[in-house]
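Taking it in order: structure first as structure tokens, then the write-up.
The values are calculated or read from the model by the stated rules, or taken from the named source; none is laboratory data. Keep in mind it's a predicted model, so treat the numbers as computed, not measured. Backbone-built Cβ (ideal geometry, glycine too); neighbour counts: all protein chains shown. Side chains included, ligands, DNA and RNA excluded: accessible areas come from the protein's heavy atoms. Shrake-Rupley method; radii C 1.70, N 1.55, O 1.52, S 1.80 Å.
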Amino acid sequence: MRQTLDFLLHDWLEVQALSERPRFAEHSLETFAAVLDTCERIARDKFAPINRITDTQEPSFDGERVHLPEGTLAAVNAYVDSGMLAASQDYGWGGMQLPCVIEMAANAFFSKANVSVGAYALLTGGNANLLMAHGTPKQKEVFAQAEFAGRWFGTMCLSEPQAGSSLSDIVTRAEPDGEDHAQDPLGPRYRLKGNKMWISAGEHELRENIVHLVLAKIPTPDGKLIPGAKGISLFIVPKRMVTAEGGLTGERNDVALAGLNHKLGFRGTSNCLLNFGEGQFLPGGKAGAVGYLVGQPGEGLKCMFHMMNEARIGVGLGAAMLGYAGYEASLAYARQRPQGRPVGAGGKDSSLPQRPIIEHADVKRMLLAQKSYVEGGLALALLCARLVDEQHTAEPEAAQEAQSVLEVLIPIVKSWPSEWGLEANSLAIQVLGGYGYTRDFPVEQYWRDNRLNMIHEGTHGIHGLDLLGRKVVMQGGQALMALAARINRTVEAALQQPGLDELGNALAAAMARVGRATKQAWSSGEPEEALANATPYLQAFGHLVLAWVWLDLALKAGQGSDFARGKQAACRYFYAYELPKIEAWLAVVGRRESVCKDMADAWF
């Protein structure tokens with residue numbers, strides 16, 4: 001994996017150019033390599049050895065405290081000590097001012113080694129980054145600074161039992177806490193009451209405090225909640241009450257664990273149903289969870305999306321890395337597992353020795369599929385992280401172009417690796433055969449851990465709706481055109497390269513086909529007709545993007561070495577076996593197939 005990671009960073013994404021920008025001027029290829037080396041070592045020594053333990057000894061609740069699997073604390077301590085919680089922050093905040101692409105690449109090691117334990121730190125970093133973007137100076141000083149230092153950890157509390165992904169339907173209330181509520185130094189103070197579901201890292205004792213970022217609605221003067229997303233605000237709700245100077249008061253906030261969710265995989269992260277404001281604890285002598293408003297009332301989703309987009313790149317990266325872990329395990333198994341004999345014109349010769357299964361064409365097919373999915377998914381995630389760096393540090397015109405491309409890629413980077421990284425894990429199980437279906441080998445756990453990624457941070461279907469319903473049509477299709485311009489540059493380069501020119505023509509045809517289907521989907525002007533097949537559109541669009549990524553990688557990989565030949569073969573595999581699938585997906589999009597929309601409940 002490290003050779004591929006270095007190729008993606010240096011040869012393809014040219015991260016060395018970032019060192020020429022003022023923000024990253026103190027960095028070099030040597031400092032980037034040192035960060036990757038450190039994280040690779042911590043992941044290997046602290047995270048990977050407890051991956052099976054955190055699966056079999058999932059968190060438990062005794063009515064008073066949550067017990068986590070053995071080794072969790074040592075692993076997160078090692079991560080905190082590395083300084084990675086503040087990796088991209090200013091030096092003045094104790095950060096390293098690392099580019100986002102290097103931070104993501106470094107965190108890839110933890111996702112691959114033990115994704116569930118890595119979640120505690122990654123959620124904390126995302127929480128603190130949001131506060132740096134939208135919090136007051138005091139909120140940054142008290143809450144974000146404590147999280148960057150690793151003294152406190154953080155969460156994001158969005159979903160509710162009755163709302164799920166439909167955040168406009170949340171009913172958690174936030175009412176002003178007394179007449180002087182607006183004068184609190186930590187921000188306008190409210191009392192929250194409601195229930196939040198599926199809260200990863202919502203309760204534990206890894207750190208002295210947990211900073212919850214909670215979506216809730218401030219009622220109107222008549223006590224009613226504003227319907228829809230416009231009524232949602234964002235609040236900091238600490239597990240333990242804090243002073244304006246960042247110390248603990250010794251008082252518990254009115255946040256209580258109602259129970260733990262028991263998951264198929266990803267078991268090392270406590271996943272919680274939290275009750276806010278039910279009176280189990282009485283901060284200030286009364287019920288109600290104390291929360292401090294972040295940003296302006298009604299702008300909660302706007303603030304939270306800062307964290308969610310960052311998290312979506314992280315989800316895609318994690319899905320690719322779990323797929324990568326399964327790929328490496330099944331590749332190693334295929335190289336040493338003898339089974340079957342060559343078949344000649346006269347059939348099998350039983351006198352010949354068995355050969356390793358990696359010599360069978362169908363096993364090679366499964367391994368090539370995995371390679372194309374996981375290395376392509378990793379490349380896509382790092383590309384998006386590189387676009388984040390462009391967005392924040394490039395010249396204005398280039399920054400705007402990067403933002404447009406990133407807008408249309410966010411649904412893809414979250415969803416494509418989540419679907420196809422999971423398929424890679426399924427194929428890894430198949431390569432191992434019966435052994436793959438047992439807990440004696442790790443590939444079944446990788447599949448279970450990865451199955452979450454199609455669900456959280458926006459389900460697969462929701463990202464299809466986002467892509468077709470918003471991203472490709474917003475601002476007259478500006479984002480789509482920005483991506484198309486990049487794809488065209490790759491096509492033009494491939495047409496000048498013997499052996500890749502045919503793939504360039506195939507990519508150009510696929511892009512044109514997606515463009516036609518997009519227009520056909522919206523030709524009636526009826527959103528329900530257009531969006532009925534948003535998920536097949538997402539799948540086709542994702543395959544178009546990955547075909548582009550793979551052709552771009554093939555152009556950079558060169559020829560001759562085994563490493564280069566492997567990249568060229570994975571690219572050819574994707575064009576031969578995967579890209580043709582988009583025609584079936586786009587056929588239902590283009591004709592606005594109505595069978596799913598028209599299906600009646602009673603007919604099931």
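Filtering the range 298-307 down to residues that are in contact with a helix residue (DSSP H, G or I) (Cβ under 9 Å, 6 or more places away or on another chain) and open to solvent by 10 Å² or more (accessible area, probe 1.4 Å), which residue is modelled with the lowest pLDDT? Top of the filtered list is H306. When residues in the range 348-386 are screened for being more than 30 Å from V413 (Cα to Cα) and open to solvent by less than 30 Å² (accessible area, probe 1.4 Å), 1 of them pass. The set of residues in the range 269-295 that are part of a loop (DSSP other than H, G, I, E, B) and either free of Cβ contacts under 8 Å to residues at least 40 places away in the same chain or more than 27 Å from I410 (Cβ to Cβ) (or both) comprises S270, G277, E278, G279, Q280, F281, L282, K286, A287, G288.
Here G164 does not fit the description of being in contact (Cβ under 8 Å) with a residue 60 or more places away in the chain and either closer than 26 Å to A75 by Cβ or of a type in the set (G, A, S) (or both).
Only one entry of L546, L579 meets the criterion of being crowded, with 23+ Cβ neighbours inside 10 Å and either out of contact with any Lys or Arg (no Cβ under 9 Å at 6 or more places or on another chain) or closer than 21 Å to L465 by Cβ (or both), and that entry is L546.
Checking E103, E147, E141 one by one, the residue that is at pLDDT 95 or above, open to solvent by 50 Å² or more (accessible area, probe 1.4 Å) and under 30 Å from L387 (Cα atoms) is E141 and no other.
For the range 495-509, does any single residue satisfy the condition of being among the aliphatic types (A, V, I, L, M) and open to solvent by 70 Å² or more (accessible area, probe 1.4 Å)? Within the range 495-509, one or more residues are among the aliphatic types (A, V, I, L, M) and open to solvent by 70 Å² or more (accessible area, probe 1.4 Å). When we screen E14, E26 for residues that are over 28 Å from C272 (Cα atoms), touching a residue at least 24 places away in the same chain (Cβ under 8 Å) and either touching a strand residue (DSSP E or B) at 6+ places or on another chain (Cβ under 8 Å) or loosely packed, with under 15 Cβ neighbours inside 10 Å (or both), the only hit is E26. Condition check for G265 on (1) surrounded by 24 or more Cβ atoms within 10 Å (Cβ to Cβ); (2) of a type in the set (G, A, S); (3) not in a strand (DSSP E or B): one failure, at (1). Just one of (1) in contact with a Pro (Cβ under 9 Å, 6 or more places away or on another chain); (2) modelled with pLDDT under 90; (3) open to solvent by less than 30 Å² (accessible area, probe 1.4 Å) fails for A163. It is (1). Applying the criterion of being charged (D, E, K, R) and under 15 Å from the mean Cα position of the chain (by Cα) to the residues of the range 427-463, the residue that is most open to solvent (accessible area, probe 1.4 Å) is R451. Within the range 34-82, the set of residues being in contact (Cβ under 8 Å) with a residue 40 or more places away in the chain, among the basic types (K, R) and either in a strand (DSSP E or B) or over 18 Å from S200 (Cα atoms) (or both) comprises R44, R52. All conditions but one from (1) touching an Asp or Glu at 6+ places or on another chain (Cβ under 6 Å); (2) closer than 17 Å to T4 by Cβ apply to G558; the one that does not is (1). Per this entry, R41 is counted among residues that are basic (K, R) and within 21 Å of G125 (Cα to Cα). Residues in the range 464-481 that are crowded, with 20+ Cβ neighbours inside 10 Å and of a type in the set (G, A, S) were compared, and the one that is modelled with the highest pLDDT is G464.
Of the residues examined, V80 is not one that is open to solvent by less than 10 Å² (accessible area, probe 1.4 Å), out of contact with any strand residue (DSSP E or B) (no Cβ under 6 Å at 6 or more places or on another chain) and β-branched (V, I, T). Residues that are of a type in the set (D, E, K, R) and more than 22 Å from G288 (Cβ to Cβ) were ranked within the range 123-168; the one that is nearest to the chain's Cα centre (by Cα) is E147.
In the range 45-83, the residue that is nearest to the chain's Cα centre (by Cα) out of those that are more than 25 Å from F148 (Cβ to Cβ) and among the basic types (K, R) is R52.
Apart from one condition, A517 fits all of (1) touching a residue at least 40 places away in the same chain (Cβ under 8 Å); (2) surrounded by fewer than 16 Cβ atoms within 10 Å (Cβ to Cβ); (3) over 30 Å from V363 (Cα atoms); the exception is (2).
Spot the failing condition for R592; the list is (1) at pLDDT 95 or above; (2) part of a loop (DSSP other than H, G, I, E, B); (3) open to solvent by less than 50 Å² (accessible area, probe 1.4 Å), and only one is missed. The single condition R592 does not satisfy is (3). Within the range 186-224, the set of residues being within 22 Å of L301 (Cβ to Cβ) and without any contact (Cβ under 8 Å) to a residue 40 or more places away in the chain comprises T220, K224.
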